[in-house]
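Engineer: The structure under discussion is supplied below as structure tokens; questions concerning it will follow.
Derivation of every value follows stated rules applied to the coordinates shown; laboratory data play no part. Not measured: the values here are computed from a predicted model. So basically every Cβ, Gly included, is an ideal-geometry build from the backbone, and we count neighbours across all protein chains shown.
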Amino acid sequence: MRILVIGAGVLGSYLAHVLVRGGNEVTILARVKRAAELQQDGLVIRHYFQRKTTVDQVKVIAELQPDDVYDLIFVVMKYNDFPAVLPILAENESSNIVLVGNNGDTRSMQRFFEDNSRTPKNVVFGFQLSGGVREENGHVICIRAGGQMVLGSLDGEVPFKPLMEQAFKQTKYKLDYQKDINAWLLSHIVPIVAINSVSYLHDGDLAQASKDKVRWKQAVAVMEEGFAILEKLKYPVNPAVLVNGVKKHKTLIYQGMRFVHKLRFMKLVDGSFSEIAALYQSFEPLKGQANLLTPAWDAFKQQTFTKYALEQR
Ligand SMILES: NC(=O)c1ccc[n+]([C@@H]2O[C@H](COP(=O)([O-])OP(=O)(O)OC[C@H]3O[C@@H](n4cnc5c(N)ncnc54)[C@H](OP(=O)(O)O)[C@@H]3O)[C@@H](O)[C@H]2O)c1
């Protein structure tokens with residue numbers, strides 16, 4: 001199957017590796033530096049827990065032409081990077097697109113395709129359950145269990161499910177279809193902004209962050225407020241265990257988060273505050289609609305945005 005992966009960062013590289021090993025004809029669209037790395041060394045991934053390194057050769061392109069048709073296109077990038085590539089995809093004649101990553105704005109992205117595409121598009125949203133970092137030389141260190149993506153369409157069944165199944169048939173990668181992927185992604189934003197805010201306020205120093213009892217308590221409160229917003233707006237919030245945890249077992253969640261951030265491999269989970277800032281902003285309309293008091297959320301947002309503004313000067 002002809003598959004294009006746009007965004008060969010940490011998660012896109014692993015996804016491309018899985019698809020290559022699954023017998024597909026995989027092309028990666030990459031910008032100049034990344035393209036040069038891929039052409040020189042191939043797609044190099046250190047699988048951290050599996051203690052192995054893989055190298056795959058992939059075709060690399062710098063641009064997507066309108067008549068360059070693929071059976072499936074995966075776009076794997078940060079939420080704030082998606083808008084730059086949507087017009088290029090809308091111009092292209094391929095039909096089946098999966099946008100993979102954090103997303104607080106699935107409906108308007110889908111609407112963009114409906115309003116601007118030359119040919120009709122089937123748009124699906126997904127989130128890959130893995131993490132990692134890129135080293136200076138472009139090699140990826142990948143943290144994962146088996147390899148899994150949660151995914152779904154905003155309008156019922158994934159329209160190209162048979163193609164997805166076929167693409168991953170010869171792999172161990174799991175596809176976890178969600179009835180309400182928008183609710184899944186919105187729910188996921190809540191712990192992501194809370195946890196990343198603590199680490200960002202400590203400049204990514206997780207050893208220091210894990211000692212900050214005050215901010216971890218605040219992070220639990222941020223999650224409780226974020227989930228309350230979604231519940232008030234009748235989103236099916238998940239995972240239920242975390243939602244119940246922040247309501248009924250605050251100390252346990254607080255201790256769990258501090259403990260996890262002491263673990264060595266957590267240093268290898270990448271993030272950038274530009275994406276977290278965009279995710280915070282994506283919640284503003286929901287906060288307005290829910291009309292709830294969110295003092296912990298607002299304080300975290302204000303502290304992190306102040307730091308971010310100073311850094312941008
Ligand atoms: N990494 C993790 O540990 C982790 C864990 C859980 C969830 N996630 C989520 O997964 C998503 C993807 O994260 P990631 O870590 O894989 O991101 P990433 O490493 O930043 O990769 C994004 C890739 O997209 C490319 N890109 C960005 N804008 C582009 C454009 N306009 N045209 C072409 N390519 C473009 C980047 O190109 P360049 O190489 O040229 O910069 C980069 O290769 C995010 O939502 C993230 O929060 C990540």
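Engineer: Run the Debye formula on the Cα coordinates of the stretch 2-179, all scatterers equal and no solvent, and tell me log10 I(q)/I(0) at q = 0.10, 0.11 1/Å.
Structural biologist: These q points yield log10 I(q)/I(0) values of -0.35, -0.43.
Engineer: Okay, moving on. Set the Förster radius R0 to 45 Å, insert the Cβ-Cβ distance between K161 and E136 as r into 1/(1 + (r/R0)^6), and round the FRET efficiency to 0.05.
Structural biologist: Details: r = 39 Å, r/R0 = 0.87.
The value I calculate is 0.70.
Engineer: What FRET efficiency do you get for E63 and R313 if R0 is 30 Å and r is their Cβ-Cβ distance, rounded to the nearest 0.05? Write out the running numbers ahead of the final one.
Structural biologist: Values: r = 34 Å, r/R0 = 1.13.
Approximately 0.30, to the nearest 0.05.
Engineer: Right, something else. Using only the Cα atoms of the chain, what semi-axes does the equivalent ellipsoid have when each is the square root of 5 times a gyration tensor eigenvalue? Give whole Å, largest first. Don't skip to the answer; put the middle values down first.
Structural biologist: Numbers: eigenvalues 206, 109, 67 Å².
In descending order, the three semi-axes are 32, 23, 18 Å.
Engineer: Can you list the lysines whose alpha carbon is less than 23 Å from that of K247, not counting same-chain residues fewer than 8 positions off?
Structural biologist: By straight Cα distance, K247 reaches K211, K213, K217, K232, K234, K287, K301.
Engineer: Would you mind estimating how fast the stretch 228-313 diffuses translationally, via Stokes-Einstein at 37 °C and 0.692 mPa s with the Kirkwood radius over Cα pairs, in µm²/s?
Structural biologist: Numbers: Rh = 15.3 Å.
Answer, rounded: 215 µm²/s.
Engineer: Another one. What nm value, rounded to one decimal, do you get for the distance between Q289 and K248 when each label is placed 7 Å out toward the C-beta?
Structural biologist: So the label points at Q289 and K248 sit 2.8 nm apart.
Engineer: Calculated from DSSP H runs of 4 or more alone, at -39500 (n - 2.57) each and per residue, what is the 222 nm mean residue ellipticity of the chain, nearest 500?
Structural biologist: Values: 13 runs with 153 residues, N = 313.
-15000 deg cm²/dmol, from helical runs alone.
Engineer: Moving on to the next point. Excluding residues fewer than 8 places away in the same chain, name every one of the aspartates and glutamates whose C-alpha is closer than 17 Å to that of K59.
Structural biologist: Those aspartates and glutamates meeting the cut-off are E25, E37, D41, D68, D71.
Engineer: Counting other beta carbons within 10 Å of each Cβ, put H202, H261 in order, fewest first.
Structural biologist: Details: H202 17, H261 22.
Taking fewest neighbouring Cβ atoms as first place, the list is H202, H261.
Engineer: Enumerate the whole-percent occupancy of each 5 Å bin, from 0 to the last occupied one, for all C-alpha pair distances of the stretch 143-274.
Structural biologist: The percentages, shortest bin first, are 2, 9, 17, 17, 17, 16, 11, 7, 4, 0.
Engineer: Shifting gears a bit: Using alpha carbon coordinates only, what is the Rg to Rh ratio of the stretch 76-193, with Rh defined as the Kirkwood radius? Write out the running numbers ahead of the final one.
Structural biologist: Working: Rg = 14.8 Å, Rh = 15.3 Å.
Computed over Cα atoms, the ratio is 0.96.
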